[in-house]
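Worksheet for the structure shown next.
Rule-based calculations on the coordinates, nothing more; no lab input. As the structure is a prediction and not an experimental result, all values here were calculated from the model. We place every Cβ from the backbone using ideal geometry, glycine too, and count neighbours over all the protein chains shown.
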Amino acid sequence: VGELPDYVGWPIFPFEGDLRVKEPLARMATDVAREGEAGRRCRACARADDDYVWVDERWRLTALEKPTALPVAVILETRRHMDLGEFDDDDARELGSMILRLERAIHRVGGIGRVHVNRWGDGGSHFHLWFLARPVGVLELYGFGMPLWYQILPPIDDGVRDANLRTVAEALAVSDRGGRSER
Ligand SMILES: [Zn+2]
């Protein structure tokens, strides 16, 4: 077992006290099957449009299920069941454009310091990209502290969360590329 790394002393690391490094598990022969693989159901494919925040013919935007400390926490999915490795040049251009549209739409909420864009894809095989908005001035939510701290700090009010999602959906729907707000 290794020594504790420097980052346990950084403000973005949520824990203090007598920490020990866990014993790593034995390496697996293969990766764990994700949703949509090896007979596992894909929840994204099963969901109806009206369960989303915003949709168009290529993309669907959903909110994280559980409330968090973040003013906006949304996941962009492809409408079609595919993963990043299957994108063609056209899909790639559209994704680049969507990232910028979402960056701008989320900033319309106000008080956003940064929108963290993450591609974690170990849980589901249906392409999804995380857009996690850090409020201005909250040091704990910088960098890799965000996915740890956003489950620890008090969640934002449901009404504020819904209003922020509406702002994002409306900003996307009125942009030149349109799509349909589901809020
Ligand atoms: Zn799917």
Ordered by fewest other Cβ atoms within 10 Å, a rough proxy for footprinting exposure, TRP130, TRP54, TRP149 read TRP130, TRP149, TRP54
For TYR7 and ARG40 in the same chain, what is the full-extension length gain: residue separation times 0.36 nm, less their Cα-Cα distance, in nm?
8.2 nm
Estimate the FRET efficiency between ARG104 and ARG58 by the formula 1/(1 + (r/R0)^6), using the beta-carbon distance for r and 22 Å for R0, to the nearest 0.05.
0.75
The chain - share of DSSP beta bridges that are antiparallel (%, nearest 5)
95
Computed [θ] at 222 nm, helices only, for the chain once each DSSP H run of length n ≥ 4 contributes -39500 (n - 2.57):
-7500 deg cm²/dmol
Could you compute the net charge surrounding ILE112? Neighbours are other residues with a C-beta less than 13 Å from the C-beta of ILE112; K and R count +1, D and E count -1.
+3
7 Å from Cα along Cα→Cβ at both ASN118 and ALA29: what's the point-to-point distance in nm?
3.1
Let me check I've understood the local charge: for TYR7, count other residues with C-beta under 14 angstrom from its C-beta, Lys and Arg +1, Asp and Glu -1. What total comes out?
-4
When the Karplus curve 6.51 cos²θ - 1.76 cosθ + 1.60 is applied with θ = phi - 60°, which whole-Hz ³J(HN,Hα) does each residue of the stretch 56-62 get, with x for Gly and Pro?
9, 6, 10, 10, 9, 10, 10
Expected sort for ILE112, ILE12, ILE75 with the fewest Cβ neighbours (10 Å cutoff) up front is ILE12, ILE112, ILE75
